[in-house]
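Single-structure report; data block below.
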Amino acid sequence: MKENDNLSTKHWALHILIMAFSFFGIYIVGQYSKHFSANKIVAPVSVGGGLSIDILGAIVPVVIGVFSTIIFFYLKISWKKYLTFFVFSFFLNYSTGKIVPGGFFNKPLENVLFVSLIVVLVALGKNPLTETWKKLSYSFVIVLSVIPLTLFLSDFFVAPLFAEPTIGGAGLADGILVSTVYSPFVTSLIASFYVFLGELNSFLRGKLVDERKLEF
């Protein structure tokens, strides 16, 4: 594997920059969520039976999820791993979500954090410096696929509990959209930090070997 195929110790500054940018992105999404929670904008589309789906709150995230799944097919990622992540994300929604009079509410950042962490750890494996970019691509595609799709399904299954429900109908701050927007920033943060640790470990081990050679 050539050195330029992966992030190397020369790119530590890049890791720090990515992590800083990711933190900033997470902060901005959080501020956006608070703003639209107080200023709701809903554009529902009726699908029959009293059920409707909000265009930006649910349809757009689902389109992103479907598109990411198509890329998943192209990258030929293990279906078994994908299904494991999908099921994990789906049940995580229910364990952290809450059914209230206004709908089904979850914790967008926490959910994305846990899902991204599991995906990154599995995708990058014990040696994150091997085929790094390929593994990072896998991580992004999987997270951007399972997050919006499992959240949509969660809302869909609890919809019968409400009268004339609107999936993604809490405005632009709905959990499906916010979670989807959080996904690339959280995944970047975790992945970059993990690769950074891998490179730091590789650097320290190499330095230790060099010191031992000098001793002899």
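Considering only the range 147-170, state which residues are in a loop (DSSP other than H, G, I, E, B) and hydrophobic (A, V, I, L, M, F, W, C).
Phe162, Ala163, Ala170
Which ones in the range 108-163 are at pLDDT below 90, of a type in the set (Ser, Thr, Tyr) and under 28 Å from Ser52 (Cα atoms)?
Answer for the range 108-163, where residues must be at pLDDT below 90, of a type in the set (Ser, Thr, Tyr) and under 28 Å from Ser52 (Cα atoms): just Ser154.
Of (1) on the phi > 0 side of the Ramachandran plot; (2) in contact with a Ser or Thr (Cβ under 6 Å, 6 or more places away or on another chain), Gly103 satisfies all except one. Which?
Exception for Gly103: condition (2).
Is at least one residue of the range 69-83 touching an Asp or Glu at 6+ places or on another chain (Cβ under 8 Å) and either closer than 22 Å to Tyr27 by Cα or polar (S, T, N, Q) (or both)?
No: zero hits.
Could you grab me the full set of residues in the range 79-98 that are surrounded by 13 or more Cβ atoms within 10 Å (Cβ to Cβ) and either under 26 Å from Lys134 (Cβ atoms) or hydrophobic (A, V, I, L, M, F, W, C) (or both)?
Lys81, Tyr82, Thr84, Phe85, Phe86, Phe88, Ser89, Phe90, Leu92
Which helices (runs of 4 or more DSSP H) does the range 45-146 wholly contain that include 1 or more residues that are touching a residue at least 24 places away in the same chain (Cβ under 8 Å) and either basic (Lys, Arg) or in contact with a Gly (Cβ under 6 Å, 6 or more places away or on another chain) (or both)?
In the range 45-146, the matching helices (runs of 4 or more DSSP H) lie at 79-96, 108-124.
For the range 1-22, give me the residue count where each residue is small (Gly, Ala, Ser), touching a Ser or Thr at 6+ places or on another chain (Cβ under 7 Å) and at pLDDT below 75.
Result for the range 1-22: 0.
Please find, among Gly25, Gly65, Gly30, Gly50, the residue that is surrounded by 12 or more Cβ atoms within 10 Å (Cβ to Cβ), on the phi > 0 side of the Ramachandran plot and at pLDDT 80 or above.
Just a single option satisfies the conditions, and that option is Gly50.
Considering the range 171-216 alone, what residues qualify as being at pLDDT 70 or above and assigned to a loop (DSSP other than H, G, I, E, B)?
Ala173, Asp174
Residue by residue through the range 157-171, note down the ones that are surrounded by fewer than 17 Cβ atoms within 10 Å (Cβ to Cβ) and either over 10 Å from Phe104 (Cβ atoms) or among the basic types (Lys, Arg) (or both).
Passing the criteria: Pro160, Ala163, Glu164.
Among the residues of the range 124-166, what is the count of those that are more than 13 Å from the chain's Cα centre (by Cα) and not charged (D, E, K, R)?
The total comes to 21.
The values are calculated or read from the model by the stated rules, or taken from the named source; none is laboratory data. All values derive from a computational prediction rather than experimental measurement. Please note: Cβ atoms are built from the backbone with ideal geometry, for glycine as well, and neighbour counts cover all protein chains shown.
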